Amino acid sequence: MLTPSSNTVLEPYTSAMFSPFGEAATAHFGRFRVVEISMSEASQTQFTEGPILEAAERLAECRPRLICWNGTSASWLGLEKDRALCAAIEARTGIPATSTMLAFDRAFRGLGVRRLGLVTPYLGEIQSLIQANYAAQEIEVVAEARLEDKGNYSFATYPPAQVAGMIREVAGAKPDAIAVVCTNFRGAPVAEGIEQETGIPVLDSISVTAAHCLREMGCDPARVEGWGSVFRLFSEID
């Protein structure tokens with residue numbers, strides 16, 4: 001997993017999700033600098049390929065079967081950004097590569113999502129770009145909630161109960177699914193409970209990424225329990 005440097009949530013959550021597999025499937029992490037999410041030049045240059053490829057090279061030294069960019073920048077920069085990055089990682093390391101937003105794309109197609117609820121900690125300027133990118137994929141964001149925060153580290157400081165309140169807020173629009181887009185945000189622990197309350201799939205970024213990666217490595221994601229229906233989804237979809 002390639003991880004934003006200021007992220008504190010995805011590593012412990014991902015390790016917990018992988019725990020049913022013991023030594024058969026383990027997650028390992030490499031960081032590159034990400035400290036702010038905005039449309040400023042300083043923020044956008046964090047996602048240039050150079051530093052990410054260098055981090056991928058270091059991570060490749062532990063000989064993983066898969067390298068994943070565990071971050072959501074392509075939600076506002078566009079899926080082609082992640083497709084190009086994954087191709088570059090594979091060319092540089094010889095190891096298959098994927099990403100959080102490519103995992104979301106697979107989940108949306110598997111569920112046939114056309115009406116989406118969107119929950120993030122991001123600024124409105126980021127949220128607007130995310131909605132535009134989904135619209136280009138013929139996915140309408142019918143309800144959204146955000147926190148107007150730009151500091152990547154601070155995203156982890158919001159408690160699960162607060163994230164749950166945001167998810168419940170957008171659930172009122174009865175979307176096909178709710179996407180919690182950020183890999184430093186605490187949506188994963190509350191996803192399953194809200195799904196039981198509402199009957200709406202809650203697709204948390206960390207959970208979607210873990211489920212997709214397990215599937216890509218030939219492990220059955222359905223063995224992961226307590227983190228939401230996304231693990232059963234990735235066990236069943238093509």
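List of remarks:
- The stretch 181-220 - charge dipole about Cα centre, Lys and Arg +1 at Cβ, Asp and Glu -1, debye rounded to 20: 140 debye
- The stretch 39-106: GluC sites (Glu not before Pro) in DSSP coil with no more than 14 other Cβ atoms inside 10 Å: GLU61
- Spin-label pair GLN162/GLU49, simplified geometry with 7 Å Cα→Cβ offset, distance in nm: 3.8 nm
- Contour minus Cα-Cα distance for GLU36 and ARG63 (0.36 nm per residue): 6.7 nm
- Cα-only Debye scattering, the stretch 1-117: base-10 log of I(q)/I(0) at q = 0.13, 0.23 Å⁻¹: -0.53, -1.44
- Compactness of the chain - radius of gyration and Dmax, Cα, Å: 16.3, 47
- Distant-in-sequence amide contacts of ASP204, defined by a placed amide H-H separation under 5 Å and a gap of 5 or more residues or a different chain, comprise VAL180.
- The stretch 23-65 - accessible surface per residue (Å², probe 1.4 Å): 61 Å²
- The stretch 138-188: equivalent-ellipsoid semi-axes (sqrt of 5 x gyration tensor eigenvalues, Cα, Å): 20, 12, 9
- Among GLU138, GLU216, GLU169: highest mean-square fluctuation, GNM of the chain, C-alpha pairs under 10 Å: GLU138
- Taking amide hydrogens as placed 1.01 Å from N in the peptide plane, the amide H of ARG31 sits under 5 Å from those of THR3, each at least 5 positions away in sequence or on another chain.
- Length, then width, then depth: along the principal axes, the Cα atoms of the stretch 1-53 run 42, 20, 12 Å.
- Accessible carbon and sulfur surface of the chain relative to its total accessible area, %, 1.4 Å: 48 percent
- For the stretch 21-62 versus the stretch 173-238, the inter-centroid distance based on Cα atoms is 22 Å.
- Built amide H within the under 5 Å cut-off of ILE37, gap 5+: GLY151, ASN152
- Taken per residue, the accessible surface of the stretch 100-217 reaches 35 Å², heavy atoms only and a 1.4 Å probe.
The values are calculated or read from the model by the stated rules, or taken from the named source; none is laboratory data. Predicted, not measured: the structure shown is a model, and the values here were computed from it. Counting neighbours? That spans all protein chains shown, and the Cβs are built from the backbone with ideal geometry, glycine included. Note: accessible area is taken over every heavy atom of the protein model, side chains too, but ligands, DNA and RNA are not part of it. Shrake-Rupley method; radii C 1.70, N 1.55, O 1.52, S 1.80 Å.
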